[in-house]
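Below: the structure, in structure tokens.
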Amino acid sequence: MRIKALANHWEKQAKATLTSEEYSFRLPLEDAAKIAALAEMYPKRTKNEILGELVSAALEELETNFPYIQGSRVTEHDEMGDPIYEDIGPTPRFLDLCKKYHSVIKKEQKAANS
């Protein structure tokens, strides 16, 4: 979800699947004031929900803004028949690591619930 879409999302009360692990961190004063302001503007959202959704949106935006670095291997062809080259930038590694940790976290949660 894009950062721009968060306010609309908060209005609709959508919920995501959450991990059992909690994250704790301190914020700069200015950021804490912004979170408090958002919590007052959107009273159906807790500060923790707002923070979680902001982190999620920022991670999604980061992923879409990783630089594409063209490799030498053609992975497929587009609808015009032009070659599409592999991405050797950070995106493929990030996606592979995301899959790895998604699986690890899911197994940990399953084990904790057993």
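The values are calculated or read from the model by the stated rules, or taken from the named source; none is laboratory data. The structure displayed is predicted, hence computed values, not measured ones. Cβ placement follows ideal geometry from the backbone for every residue including glycine, while neighbour counts extend to all protein chains displayed. Quick note on the areas: whole protein, heavy atoms, side chains included, nothing else; ligands and nucleic acids left out. Shrake-Rupley method; radii C 1.70, N 1.55, O 1.52, S 1.80 Å.
Here the chain exposes an accessible surface that is 57 percent carbon and sulfur, computed with a 1.4 Å probe and the other protein chains kept in place. Once the Kirkwood radius over Cα pairs is known for the chain, the Stokes-Einstein relation at 20 °C and 1.002 mPa s delivers a diffusion coefficient of 123 µm²/s. Ligands, DNA and RNA are left out, and with a 1.4 angstrom probe the accessible area of the chain is 82 Å² per residue. Ignoring aspartates and glutamates fewer than eight residues from K44 along the same chain, the ones with Cα atoms less than 19 angstrom from its Cα are E11, E53. Packing, taken as the mean count of other beta carbons within 10 Å per residue, orders the peptides 67-75, 86-94, 39-47 from highest to lowest as 86-94, 39-47, 67-75.
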